[in-house]
Every structure is written in C-alpha cells, then in structure tokens.
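The values are calculated or read from the model by the stated rules, or taken from the named source; none is laboratory data. Just so we're clear, the structure is a prediction, and the values are computed from it rather than from any experiment. Heads up, the Cβs are rebuilt from the backbone with ideal geometry, glycines too, and the neighbour counts pull from every protein chain shown.
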C-alpha cells in the first residue's frame, strides 16, 4: 500500500548558534506545522540574544549542492529564504529556485534583531533584481520595505503604498509586516494581485521576539507546502507567530527567542491533561470528607495546558463536581472549554506563574480560610463590591479581575484566593496548584483538617 507523502519544506538561510532564528527557528516551525523540514545553509553565524560576533559564508557551489540534493530526492513543495549574506549567495539561490521552480517565500533579511548587518549593501541590488521576481511571497518588515521600495513608512497606508511598489518588482504577493507601527494592533498588509488585505492581531508586549521574521516566513512556506492558498497561508502564519511570541522563551540577556513549538506542545499535552484531571476527580470521589467543602453552586476542577491561550485550553468537568449522599461525584468526563469562571482565574494565575496550571473552587467560610492558613497555604482575597462597573458588564471577567487584584495584593500567586460575595453572588474560595492531583490532594487534606477541628454532628 502506498503511504501518504508528507509535505516537504526547505529553508535556504543562515545558522544561528543561539538557536533563536535562522534555520533553527525555521526547522522548529516546520516541525510544529507538521511538514518535513530540510535546509540549505548559506552562512554560519556566531550569535546569541544580544549580538552577532562572527559570520562565515558557505561557498555558493555547496549551497547549490544542498538544494539539489534535497530536490532530486525528497522534492521541495515550498521553500523560504532567510539570510543571504552576499550577492554571490543570492545569485546561487536564485539560480536553483529558477531551475526547479518551487514556490518560495523570500524573507529579505537585512539586519538582525541585535542590529548586526546580515546583508551586504551591494547585495541589495541582486536581491531586488534576481530573487524578488521569483518570489511567491516576500515578507519585509518596515525597515526592509522602506529600503526596497524607497518609501518611508509611518502608517498602514504607507505599508500599502510600499507593498504596491514592491509588487512591481515581480513577486506574486507582498506582506509588509507592520509590527513596528505605533498602536495596540500588530497590522500586516497583504498585497496580492492588486488586492489589499489587512491582517490585525493584538500586539504582544514582549522581549521574546528573536526569530519572529524567520518563523513567520517559514510558517507561510509550511502552509504553502500543504497546498494552502497565499491568503490562507499568510493568515495562519500570523496567528502561529502571534502565539510563538506570546509564549516566547525568556532566556539570554537580550531579545529572547520566539517559541514555535508552543502550539505543538499544547496538542501533545491534551491527553495527559485529561488523564490528570480524571485522576484528580477520582481522588475527590474516593474521599467522602470532601463533600464538606462543596458550595451551593457545586465545584469544578480544571487544569490548563502549558501554553494556554484561553478557556479552550483548559480542561474541566461539564456539569461540575456535585455533592451526593456518599460524598462527591463528577457529572461527566473532563473536556476542554468546560469552564469559564474558574478557568479565567487560572489563566490569570498562569500568566504570573506558568507553573500554576490547576484550580478548584470550594465553599467559603471564615473557618475554611483559617484552616488553609493553618496548613501553611498562602492566602489572598478580593472584594467583589469594589469591582469596576465596566468589568461587571462583561461575562466571565469578574473572576479574572479578582484574581489580578488578589495576586497583586501579595505580589505573587497564592495557593488560595477567596472573596466574601456580593449581592446575589455566593462567596467562594479557589485553591490553586501545579497539577490537578496536587490540587485534589490539597482539597482532601483541607477537608480532613477542617472536620478534625470542626467535627460535624
């Protein structure tokens, strides 16, 4: 039986010894997007998050040989170019792209994140004359778009004008990346066949941006290799890179690298998280004493993926964990997206401390809070009566606002957050921890200690 062929994508770019950009970022992106990654290394750089200290170019004939080797055997469904340091290297890459005719995304890398020149000045003309006419998509940032088009860029309209000018040089599509524009939105302009598409996402305030352009162009190439249209590929790549920046790696003293593997890690973790929540629920169900802490609105228990980006990345119990005559029972199996309020609290806590990934809500009483403190748990609180009116008007925002207040009150994520209620709102305690079973163990311990101090008749 003939096996299904996996799409193959090629990066023609430089090597980053720090692992944050270049072929290292490209290959991680290809892997995360489920395409087979191949490489033709054009230069070897000595760099980290703060600087590029050395560059050694690969001979053009070796670059050509790398491209030929993978094309003649595995085949190239799509490619991307990154650092092409000299005119001779650009010429070599252009010759091979023209020879084989595969789709190619050109990232016109000119300057590194640390400010080092990665394209010799005389090579710019070769890039414009030889490589851009072969491009399926070209992805300049604002300084690169200005250098290629000759047009200063200060607004989205300027991006459109620059994209139109660059398109006259021959590429099928142009994406001018507007991340450097002022404002809260990261605005990119896609210009294709005289049509303009504006792509917007909220800006991520982060220093983990090393390799952003590499991952973006690699993601477009990966999606093109799968057969996506150019607009589809660009849109998916933008979302992918947004997540990669949001969950970037805070390493090094300069600009930390983006994290192209975040989405893949989430997918790989889903089964493990569901299994962990089931184990935790079983612990609660096996301990009748837990019924003493179940509130009138019942409890839920949730656990987030490592790189959770919303309630859809948090597993919980649809219908909740309810009190019965024999203890507690989960009404159904855990699912992702089954909690809003508790998940909202957890997502805020995870933002401040990524190791905190699980939580459970229990009933409030002064005695239960005192028992938590006696067990050595850190406790903080918030007052729902102080909640801003604009927060009250948004469904599910109260829990997030309250968690933020409670965390800032003590300067860290506590084990326990509580509030004493408001008009028509039941007071509540939320217990937080690293895993669902850790939280379940805390609830079991808390219940038993509470009953020891306050035995029920």
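The residues on offer are 25, 31, and the sole one that is crowded, with 24+ Cβ neighbours inside 10 Å, in the same structural domain as residue 175 (by TED's automatic domain parsing) and either on the phi > 0 side of the Ramachandran plot or in contact (Cβ under 8 Å) with a residue 60 or more places away in the chain (or both) is 25. Total residues in the range 421-451 satisfying the condition of being farther than 16 Å from residue 321 by Cβ and at pLDDT below 95: the figure is 5.
Just one of the listed residues (111, 90) is under 30 Å from residue 51 (Cα atoms), under 34 Å from the mean Cα position of the chain (by Cα), assigned by TED's automatic domain parsing to the domain that holds residue 234 and surrounded by 24 or more Cβ atoms within 10 Å (Cβ to Cβ), namely 90.
Can we say residue 406 is under 30 Å from the mean Cα position of the chain (by Cα), at pLDDT 95 or above and in the same structural domain as residue 430 (by TED's automatic domain parsing)?
On the way: under 30 Å from the mean Cα position of the chain (by Cα): yes; at pLDDT 95 or above: yes; in the same structural domain as residue 430 (by TED's automatic domain parsing): yes.
In short, yes.
Per the conditions (1) within 20 Å of residue 223 (Cβ to Cβ); (2) surrounded by 20 or more Cβ atoms within 10 Å (Cβ to Cβ), the sole criterion not satisfied by residue 256 is (1). Within the range 163-196, the residues that satisfy the criterion of being modelled with pLDDT of 95 or more, in contact with a helix residue (DSSP H, G or I) (Cβ under 6 Å, 6 or more places away or on another chain) and outside any strand (DSSP E or B) are 165, 166, 169, 170, 171. Return yes when residue 456 is surrounded by fewer than 17 Cβ atoms within 10 Å (Cβ to Cβ), assigned to a loop (DSSP other than H, G, I, E, B) and in contact with a helix residue (DSSP H, G or I) (Cβ under 8 Å, 6 or more places away or on another chain) and no when it is not. Considered against the rule, which asks whether it is surrounded by fewer than 17 Cβ atoms within 10 Å (Cβ to Cβ), assigned to a loop (DSSP other than H, G, I, E, B) and in contact with a helix residue (DSSP H, G or I) (Cβ under 8 Å, 6 or more places away or on another chain), residue 456 comes out as yes. One residue is enough: does the range 118-125 have a residue meeting the conditions under 28 Å from the mean Cα position of the chain (by Cα) and at pLDDT below 95? Yes, that holds for at least one residue.
What residue, of 17, 43, is in contact (Cβ under 8 Å) with a residue 40 or more places away in the chain and either farther than 21 Å from residue 139 by Cα or more than 28 Å from the chain's Cα centre (by Cα) (or both)?
The conditions single out 43.
Is it true that some residue in the range 116-132 is in a strand (DSSP E or B), buried (at least 18 other Cβ atoms within 10 Å of the Cβ) and out of contact with any helix residue (DSSP H, G or I) (no Cβ under 9 Å at 6 or more places or on another chain)? Spell out how you get there, then give the answer.
Step one: of the range 116-132, the residues in a strand (DSSP E or B) are 117.
Now restrict to residues that are buried (at least 18 other Cβ atoms within 10 Å of the Cβ): none.
No.
On inspection, residue 444 does not qualify as in contact with a helix residue (DSSP H, G or I) (Cβ under 7 Å, 6 or more places away or on another chain), assigned to a strand (DSSP E or B) and either touching a residue at least 40 places away in the same chain (Cβ under 8 Å) or farther than 17 Å from residue 361 by Cβ (or both).
Give 277, 234 a once-over and let me know the one that is surrounded by 16 or more Cβ atoms within 10 Å (Cβ to Cβ), in the same structural domain as residue 336 (by TED's automatic domain parsing) and in contact with a strand residue (DSSP E or B) (Cβ under 9 Å, 6 or more places away or on another chain).
Criteria check complete, one pass: 277.
What number of residues within the range 3-22 are within 23 Å of residue 226 (Cβ to Cβ) and surrounded by fewer than 24 Cβ atoms within 10 Å (Cβ to Cβ)? Adding up the residues that qualify gives 6.
The rows are residues; the columns are (1) touching a strand residue (DSSP E or B) at 6+ places or on another chain (Cβ under 8 Å); (2) assigned by TED's automatic domain parsing to the domain that holds residue 137; (3) crowded, with 24+ Cβ neighbours inside 10 Å.
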| site | (1), (2), (3) |
| --- | --- |
| 160 | yes, yes, no |
| 195 | no, yes, no |
| 199 | yes, yes, no |
| 209 | no, yes, no |
| 213 | yes, yes, yes |
| 242 | yes, yes, no |
| 251 | yes, yes, no |
